[in-house]
Amino acid sequence: LPAAVLLKDMKLMDVKLGQLGSWLAMRDFTPGGILRAIRRGYDRYYNKYIHVKKGGLGGISMVLAGYIVLSYMWSYSHIKHDRRRKYH
């Protein structure tokens, strides 16, 4: 039988929908806590996709795809404004 894990130690994917509010209330939303969470995410990504013995294009292509999506979201209002403009 698996050992009981405290709710505050559970990963988001392991939290049930009814426990989500309690789990979110236990998170650290201070600037330092947010920076630590970003650092943990970066370290996890780096160790899984970049710092490997036999790497591929997967890790780099995910960063590139994320950049493309963010760039499109940032410029969407400009793109939306120019959508119906006639060029003749």
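See the values below:
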quantity	calculated
Ala4 part of a loop (DSSP other than H, G, I, E, B) and of a type outside the set (Val, Ile, Thr)	yes
Hey, Met10 open to solvent by 60 Å² or more (accessible area, probe 1.4 Å), within 20 Å of the chain's Cα centre (by Cα) and modelled with pLDDT under 90 or not	no
Answer residue from the range 38-84, given it is of a type in the set (Gly, Ala, Ser) and touching a helix residue (DSSP H, G or I) at 6+ places or on another chain (Cβ under 9 Å) and is nearest to Asp28 (Cα to Cα) among those	Gly59
When residues of the range 24-39 are limited to those that are hydrophobic (A, V, I, L, M, F, W, C) and part of a loop (DSSP other than H, G, I, E, B), the one least open to solvent (accessible area, probe 1.4 Å)	Met26
Neighbours by Cβ (under 7 Å, 6+ apart or cross-chain): first from the range 21-43, within 14 Å of Leu7 (Cα to Cα); second basic (Lys, Arg)	Met26/Lys8
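The values are calculated or read from the model by the stated rules, or taken from the named source; none is laboratory data. Because the structure is predicted, anything quoted here is derived from the model rather than measured. Here the Cβ is made from the backbone with ideal geometry for all residues, glycine too, and neighbour counts use every protein chain on show. For the accessible areas, the whole protein counts, side chains as well, though only heavy atoms, and no ligand, DNA or RNA atoms are used. Shrake-Rupley method; radii C 1.70, N 1.55, O 1.52, S 1.80 Å.
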